[in-house]
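The structure appears below as structure tokens.
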Amino acid sequence: MSLADKEVPRVLIADDEAPARSRLRDLLDDCRETFPLVLVDEARTGREVLDVLNREKVDIVLLDIRMPDMDGLEAARHIAGMTDPPAIIFTTAFDSYALKAFEVNAIDYVLKPIRLERLLTALRKTRSGPGVSREALDAAANQPRRHLSVHERGKIHLVPVSEILYLRAELKYVTVRTAQREYLVEESLTRLEEEFGEVFVRVHRNCLVARHAIGGFERNADESESGWAVLVKATGEKLAVSRRQQHVVKQFR
């Protein structure tokens, strides 16, 4: 790779439809004269986007919204947690809800069929100003993620929400416990409860337990102010139930 290649933006195309990817390749070729760039790779799903970002330096992602396995909005929410995230430009067919949400939250997008001048305008905007915020993406998505993203050593690791047993706040981090291991995420337990209230139940001010992971409740006067502890099925752990949350015991008995 030449020095010039290193200095120009590195672009990733993400779309599940081959004709759409081909169209974007052609448009990017046409952009090069006034907006030099390097095409790094292509992806067909949100998960493939994250895989590429784990192995390549990318400056701009042209990201389709509707993709299988993981859509563009969820992928973007994971990308936004990176230390140095790429700029994101969504590509979408007309979707009245998505477009309204994007406009309200100042999220850049281009409508399909994509026109050269509109794409050039979006690419140029990536040169100035901060990227889209995680809060803006959360508001635009308006639905829970299917994964939590763990950022370790510059890489994104996905943890399916369906596999999480409990979430426990410790200082500025939250411990994410699955049957296999623990992870740390820098998220707010309160925000996680708001997002995943259908999946988890609060048993303590510092702990949410997945409803499917509750194996029962046991008397535990020594370690719990309420006298109760919740039994986690997969691990056999006993987590204290606070006095304020002891009504949860009645819900599951």
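Is it the case that some residue within the stretch 91-102 is more than 17 Å from residue 60 (Cβ to Cβ) and of a type in the set (Ser, Thr, Tyr)? Yes: one or more hits.
For the stretch 183-201, what are the residues that are farther than 22 Å from residue 69 by Cβ and surrounded by 11 or more Cβ atoms within 10 Å (Cβ to Cβ)? Quick ask: steps written out before the conclusion?
Step one: of the stretch 183-201, the residues farther than 22 Å from residue 69 by Cβ are 184, 186-194, 197, 200-201.
Hits for the stretch 183-201 are 184, 187, 188, 189, 190, 191, 192, 193, 194, 197, 200, 201.
Among residues of the stretch 181-229 being aliphatic (A, V, I, L, M) and more than 29 Å from the chain's Cα centre (by Cα), the one that is modelled with the lowest pLDDT is 221.
Being out of contact with any Pro (no Cβ under 6 Å at 6 or more places or on another chain), over 21 Å from residue 19 (Cβ atoms) and not in a strand (DSSP E or B) is the requirement here; does residue 113 meet it? Working first, answer last.
Working: out of contact with any Pro (no Cβ under 6 Å at 6 or more places or on another chain): yes; over 21 Å from residue 19 (Cβ atoms): no; not in a strand (DSSP E or B): yes.
In short, no.
Reported count of residues in the stretch 147-185, each being assigned by TED's automatic domain parsing to the domain that holds residue 209, touching a residue at least 40 places away in the same chain (Cβ under 8 Å) and in a loop (DSSP other than H, G, I, E, B), is 1. Residue count for the stretch 135-170 under the criterion of being crowded, with 18+ Cβ neighbours inside 10 Å, of a type in the set (Ser, Thr, Tyr) and closer than 20 Å to residue 47 by Cβ: the result is 1.
Pairs meeting the criteria (first residue in the stretch 134-146 and within 10 Å of residue 76 (Cα to Cα), second residue assigned to a loop (DSSP other than H, G, I, E, B), beta carbons under 8 Å, at least 6 apart or on different chains) are 134/80; 134/81; 137/80; 137/105; 137/107. Restricted to helices (runs of 4 or more DSSP H) entirely inside the stretch 1-85, those with at least 3 residues that are within 20 Å of residue 108 (Cβ to Cβ) are 18-31, 46-55, 72-79.
For residues that are out of contact with any strand residue (DSSP E or B) (no Cβ under 7 Å at 6 or more places or on another chain) and of a type outside the set (Phe, Trp, Tyr), scanning just the stretch 183-202, find the one that is farthest from residue 82 (Cα to Cα). Please lay out each step first, then the result.
Applying the first criterion (out of contact with any strand residue (DSSP E or B) (no Cβ under 7 Å at 6 or more places or on another chain)) to the stretch 183-202 yields 188, 190-191, 194-198.
Going one step further and asking which of them are of a type outside the set (Phe, Trp, Tyr), we end up with 188, 190-191, 194-195, 197-198.
Working: 188: 16, 190: 21, 191: 18, 194: 22, 195: 20, 197: 25, 198: 27 Å.
Taking the candidates together, the pick is 198.
Scan the stretch 124-141 and give yes if some residue there is aliphatic (A, V, I, L, M) and modelled with pLDDT of 95 or more, otherwise no. No; the residues of the stretch 124-141 include none that is aliphatic (A, V, I, L, M) and modelled with pLDDT of 95 or more. Scanning the stretch 28-43 for residues that are out of contact with any Lys or Arg (no Cβ under 8 Å at 6 or more places or on another chain), surrounded by 18 or more Cβ atoms within 10 Å (Cβ to Cβ) and more than 14 Å from residue 120 (Cα to Cα) gives a single hit, 43.
Within the option set 244, 211, being in contact with a strand residue (DSSP E or B) (Cβ under 8 Å, 6 or more places away or on another chain), loosely packed, with under 15 Cβ neighbours inside 10 Å and either closer than 22 Å to residue 74 by Cβ or not assigned by TED's automatic domain parsing to the domain that holds residue 105 (or both) holds for one residue only, 211.
Could you please let me know if residue 100 is of a type outside the set (Ser, Thr, Tyr), assigned to a loop (DSSP other than H, G, I, E, B), surrounded by fewer than 16 Cβ atoms within 10 Å (Cβ to Cβ) and on the phi < 0 side of the Ramachandran plot? Taking the combined requirement at face value, the residue does not satisfy it.
Taken over the stretch 80-97, the residue count meeting the criterion of being closer than 22 Å to residue 39 by Cα and crowded, with 16+ Cβ neighbours inside 10 Å is 10.
The values are calculated or read from the model by the stated rules, or taken from the named source; none is laboratory data. This is a predicted model, so every value here is computed, not measured. Here Cβ is always computed from backbone atoms with ideal geometry, including for glycine, and neighbour counts include all displayed protein chains.
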